[in-house]
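Read the structure below first, then the notes.
The values are calculated or read from the model by the stated rules, or taken from the named source; none is laboratory data. Remember, it's a predicted structure, so these values are computed and weren't measured experimentally. Note that each Cβ is placed from the backbone with ideal geometry, even for glycine, and that neighbours are counted across all protein chains shown. All accessible areas refer to the heavy atoms of the entire protein, side chains included, with ligands and DNA or RNA removed. Shrake-Rupley method; radii C 1.70, N 1.55, O 1.52, S 1.80 Å.
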Amino acid sequence: MTIDSDDLLNSIMSSLDRIEVIKPEDIPNIDLYMDQVTTFMDGKLRSSARYPEEDKILTKTMINNYAKNDLLPPPVKKKYSREHVLLLIFIYYYKNILSINDIQALLSPISRQFFQNGKEFNLESVYREVFALEKAQVEALKADVLEKYKQSEETFQNAPEESGDFLRKFAFICMLAFDVYVKKLIIEKMVDGLSASQAGTGGDKHETKKK
């Protein structure tokens with residue numbers, strides 16, 4: 001690999017190391033007004049934004065739309081609890097890959113069973129379990145990305161010299177994109193199955209809309 005390729009790979013690995021997972025104990029143990037919620041989310045997730053100086057992590061409009069689409073239970077006296085924030089974190093990660101309908105299908109049963117249920121096993125318990133798994137996935141993801149990068153560097157060896165570097169990076173992007181495409185298909189298939197299961201057991205029914 002050239003020095004340029006080494007720099008790119010190191011940058012990618014560093015960006016994966018910078019992925020932040022918000023711990024439940026990071027969330028204030030008091031109810032928050034909307035401005036406080038957006039400030040908290042911005043402070044915790046700003047480093048993962050593509051354009052940190054421009055991107056909006058979470059806005060008032062977004063929160064209102066989530067509540068309007070039944071992704072988020074309504075606030076109490078304009079204040080949001082820690083569990084509201086936990087749901088917003090799930091929504092933040094889902095919104096770039098799933099439709100509003102799919103997010104609703106996933107989170108409605110979670111909210112119905114675990115949101116402020118007054119039990120020991122609650123929404124925070126679900127959050128801790130899931131995000132412990134996701135944090136452990138970072139090293140596996142780094143290994144997978146590294147392997148894909150190495151494979152892409154071996155492609156287009158006979159391409160014109162002036163095009164070879166671009167084509168190898170294009171191959172790398174294609175491999176990553178195909179991986180995302182397949183996983184998105186799997187997620188959508190599972191969401192459809194969960195929706196059908198919920199409907200069959202008397203849970204919320206969600207119509208699958210064409211995208």
| message | Can you give the longest run of the chain that contains no GluC sites (Glu not before Pro) sitting in a DSSP loop with at most 16 other Cβ atoms inside 10 Å? | response | 55-119
| message | Please give me, ordered by residue number, the trypsin sites (Lys or Arg not before Pro) of segment 1-82 that lie in loop per DSSP and have at most 13 other Cβ atoms within 10 Å. | response | ARG18, ARG50, LYS56, LYS77, LYS78
| How much FRET efficiency would the formula 1/(1 + (r/R0)^6) give for GLU120 and VAL76, where r is the Cβ-Cβ distance and R0 is 22 Å, rounded to 0.05? | 0.50
| remark: Long-range amide H partners of TYR80, meaning residues 5 or more apart or on another chain whose placed amide H is closer than 5 Å, are LEU32, TYR33
| remark: Most fluctuating of ASN158, ASN101, ASN69 in the GNM of the chain (C-alpha, under 10 Å) is ASN158
| said: Once R0 is set to 35 Å, what does the formula 1/(1 + (r/R0)^6) return for the Cβ-Cβ distance between ASP17 and LEU185, expressed as a FRET efficiency to the nearest 0.05? | reply: 0.75
| field | Rh (Kirkwood; distinct C-alpha pairs) - the chain, Å | value | 19.7
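Provide Rg over Rh for segment 1-76; use the alpha carbon set for both Rg and the Kirkwood Rh (inverse mean inverse pair distance).
Numbers: Rg = 16.9 Å, Rh = 15.0 Å.
Expressed as Rg/Rh, it is 1.13.
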| remark: Pairs over 27 Å Cα to Cα, from LYS68/LYS135; LYS60/LYS189; LYS23/LYS56; LYS56/LYS77; LYS60/LYS183, come to LYS68/LYS135; LYS60/LYS189; LYS60/LYS183
| note | Averaged per residue, the 1.4 Å probe accessible area of segment 16-110, protein heavy atoms only, in Å², is roughly 55
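Helix-derived [θ] at 222 nm for the chain: sum -39500 (n - 2.57) over DSSP H runs of at least 4, divide by residue count, nearest 500? Walk me through the numbers on the way to the answer.
Working: 7 runs with 135 residues, N = 211.
Value at 222 nm, helices only: -22000 deg cm²/dmol.
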| said: I'd like the distance separating the alpha-carbon centroids of segment 107-134 and segment 50-100, in whole Å. | reply: 16
